[in-house]
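Only the coordinates and a few stated rules stand behind these numbers; no lab work does. Please read these numbers as outputs of a predicted model, since none were measured by experiment. Cβ: placed from backbone, ideal geometry, glycine included. Neighbour counts: every protein chain shown.
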Amino acid sequence: MNVKSLIIFSFFALSLVIPLIGALIPSEEAIQAASVYLRQSEEASIVNRPFLVDGRQYFVVYFHPQTNAEAKNLIVVVDAETGLLVESQDVLTKVYSFDLKQAFIQGFVTEKELSLQEVNSALQSGKTARDQAETSLEDVETSLSRVDENILTVQNSFSQFTLSVERLGDEIDSGLDTQEMFESDYSNTALEAFVIRYNSTFKALVAMVKTGEDYQKAVINTSNGLTQKGVEQSLFRPGLQTAFNVGLDQFASITSLENAFDEFQGVKSPQAQRSVNDSVQSYLYRKQKIDSDNAVESVKASVQDILNRKAEVLDCTTVTELEKTWQATLAAQQGNKFVQVVGNVTLVQSELNKVKKALDKCNTQNNPAPQNTNSDNTNIFIGVILLMIVGYFVWKFTQKKPPEGGSEQSATPKGNLFGS
């Protein structure tokens, strides 16, 4: 094979292999694999897009009551590449945490209308109001014969508010970038980055609203102070009234920001982690229990058959180890030691095989197979035929051989055939 042919062959081989690398199972196959553990009152649904956790993709299947698709009784994780159910506690914890965080954020954003896009839209409108307020403040300062210390307080508060607005804008821009990254690869690392960025954006949002409210209080106090000093109201009142509006009304739909922020912290709280751990244990308990019950059922009939014939079996072999292992298996099942049950069933199956092998050997010794007489008669018949054939050829050979010391003429004289 020359170099050109080798290159062509290599590309052809790669074209066959590459599509198989990282190929994912259909979501229907994931549901089928998980449904082994469904209860009669439950149904299964699936997140059609697999989660990417530490570089590997997993389907998440929800078990929920038939009458309530929103309630999650159980979460089953299926490897999207192999179709096998995941049992690793570490992987389950990461996938469950992923599911909790994305569901929490989705619900939080939808119910409270706090998506980054919505906050950004409100901020852009608020910036317009802020710019108008800044112009009004400058007009008030110009209209006064001197810069009153009250006006300086307002200006300082406005500067703090402006900084918080810019800081929120930067946070939103970064948040939208991480959100786009998460929506692109749907990975746990991108989700964690998005949660962190959304968290810092929320902090910036709360800070902006607070500095805005502080600024508005400064405007009110300044207006009252100037009035008490006898400053002509026409010099400051209209301008300060206009400057009072810095766009906080754009966030009127966001109620109880501090409480909402505290609620958002729940996504990373110890309670949330306990919820994840409880979900992992709930899944492992159900899976391991069903697996252990199925394992016991797979050998139960055979064990009972042997033990019911114990007197007969003891003539051939002992069943002490079988009985001992079987009792240990039942005790482990009673104590919910499901992993031990599955291991014990393997030992029970091994003991069953030993007993069955011993019984087969005894049966063979006690009941030898009958001799095949027809076959023996056939062999004798064939042997007789062969002897007759050999005898015939020997006779033919001796008839052709001339007598010793004579010619080829017959020793018998012509004439009377009987020699008389």
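What the table below lists for this structure:
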{"read-out": "Residue in the range 221-236 that is surrounded by 18 or more Cβ atoms within 10 Å (Cβ to Cβ), over 16 Å from VAL165 (Cα atoms) and free of Cβ contacts under 8 Å to residues at least 40 places away in the same chain present", "value": "yes"}
{"read-out": "Qualifying residues in the range 83-94 (those that are free of Cβ contacts under 8 Å to residues at least 60 places away in the same chain and assigned to a helix (DSSP H, G or I)) - the one surrounded by the most Cβ atoms within 10 Å (Cβ to Cβ)", "value": "VAL91"}
{"read-out": "Selection count, the range 119-155, where residues are touching a helix residue (DSSP H, G or I) at 6+ places or on another chain (Cβ under 8 Å) and either part of a helix (DSSP H, G or I) or not β-branched (Val, Ile, Thr) (or both)", "value": "25"}
{"read-out": "Counted residues, the range 27-82 - those being acidic (Asp, Glu), outside any strand (DSSP E or B) and surrounded by 13 or more Cβ atoms within 10 Å (Cβ to Cβ)", "value": "2"}
{"read-out": "Selection count, the range 331-348, where residues are surrounded by fewer than 16 Cβ atoms within 10 Å (Cβ to Cβ) and outside any loop (DSSP other than H, G, I, E, B)", "value": "5"}
{"read-out": "Residue match in the range 289-305 (condition: basic (Lys, Arg) and in contact with a helix residue (DSSP H, G or I) (Cβ under 6 Å, 6 or more places away or on another chain))", "value": "yes"}
{"read-out": "Members of the range 177-206 found to be crowded, with 18+ Cβ neighbours inside 10 Å and either farther than 29 Å from ASP54 by Cα or among the hydrophobic types (A, V, I, L, M, F, W, C) (or both), listed by number", "value": "PHE182, ALA190, LEU191, ALA193, PHE194, VAL195, PHE202, ALA204, LEU205"}
